[in-house]
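Notes follow once the structure below has been shown.
The values are calculated or read from the model by the stated rules, or taken from the named source; none is laboratory data. Because the structure is a prediction, the values reported are computed rather than measured. We place every Cβ from the backbone using ideal geometry, glycine too, and count neighbours over all the protein chains shown. To get the accessible areas, we keep the full protein, side chains included, count just its heavy atoms, and leave off ligands, DNA and RNA. Shrake-Rupley method; radii C 1.70, N 1.55, O 1.52, S 1.80 Å.
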Amino acid sequence: MSTADQLCLCWFVLCGLLHCFFEGFWISNHQSLATSQSFFAHLWKEYALSDARYMISDPFVLTVETLTVYIWGPLSFLTAFIIASGSKKTRKIREILQIIVSVGHLYGVALYFGTCYFAEQHTGVSYSRPEWLYYWVYYVGLNILWAIVPTVLLFSSVRSICLPDAPAPDAVEKQKKIE
């Protein structure tokens, strides 16, 4: 398996784990999060310092996280499984799934950042604390990955589907000898 495929595999396993288990914890416990003393509850309370919508069970966040848990998490695991299989027969399926999951991630992160931006611009409500750690590291840094990596994967998959495979160097040399 190539290094690029190994990185893709790790990305989709990470996404599946975060979406299904970490974000799944939030959608299952969002109403009692403030009083919970579990490890995941503490992680969510810390993250909520960068986005208070997680502490108030904001309907938008609940909707996006529910879709993420039930759609993007399982599809991330399926994509990882297909990558791990390494079969040439499933290569096109892998690229199609990679496009679907990447577009889903890009759409979700655009809505995630966009709703906060427009809330602040139109109502003056800011859900993030202004401290560098909470805004730049937690809010921007942790979420921008779901804009950068899916963009790279999206272009990679589109290129893989649309461009014909380049001939192997041996085939080029053989063709030159024939001519």
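Name the one entry in Leu97, Leu111, Leu78 that is within 21 Å of the chain's Cα centre (by Cα) and exposed (fewer than 15 other Cβ atoms within 10 Å of the Cβ).
Details: Leu97 fails: exposed (fewer than 15 other Cβ atoms within 10 Å of the Cβ); Leu78 fails: exposed (fewer than 15 other Cβ atoms within 10 Å of the Cβ).
One residue alone meets the criteria, Leu111.
Tally up the residues in the range 114-131 that are part of a loop (DSSP other than H, G, I, E, B) and buried (at least 16 other Cβ atoms within 10 Å of the Cβ), please.
Selection size over the range 114-131: 3.
With under 26 Å from Tyr138 (Cβ atoms) and either out of contact with any strand residue (DSSP E or B) (no Cβ under 6 Å at 6 or more places or on another chain) or among the charged types (D, E, K, R) (or both) as the only criterion, which of Gly86, Gly73 stands out?
Gly73
Could you check how many residues of the range 20-50 are part of a loop (DSSP other than H, G, I, E, B) and open to solvent by 40 Å² or more (accessible area, probe 1.4 Å)?
Applying the first criterion (part of a loop (DSSP other than H, G, I, E, B)) to the range 20-50 yields 30-32, 36-38, 48-50.
Retained after the next criterion (residues that are open to solvent by 40 Å² or more (accessible area, probe 1.4 Å)): 31-32, 37-38, 49.
Qualifying residue count for the region: 5.
State yes or no: is Ile71 closer than 30 Å to Thr35 by Cβ, open to solvent by 60 Å² or more (accessible area, probe 1.4 Å), aliphatic (A, V, I, L, M) and touching a helix residue (DSSP H, G or I) at 6+ places or on another chain (Cβ under 8 Å)?
Taking the combined requirement at face value, the residue satisfies it.
With respect to Ser57, determine if the residue is open to solvent by less than 70 Å² (accessible area, probe 1.4 Å), farther than 30 Å from Leu97 by Cα and in contact with a Lys or Arg (Cβ under 7 Å, 6 or more places away or on another chain).
The answer is no for Ser57.
It is to be established whether one or more residues within the range 159-172 are modelled with pLDDT of 95 or more, assigned to a helix (DSSP H, G or I), surrounded by fewer than 13 Cβ atoms within 10 Å (Cβ to Cβ) and hydrophobic (A, V, I, L, M, F, W, C).
The answer is no, given that none of the residues of the range 159-172 is modelled with pLDDT of 95 or more, assigned to a helix (DSSP H, G or I), surrounded by fewer than 13 Cβ atoms within 10 Å (Cβ to Cβ) and hydrophobic (A, V, I, L, M, F, W, C).
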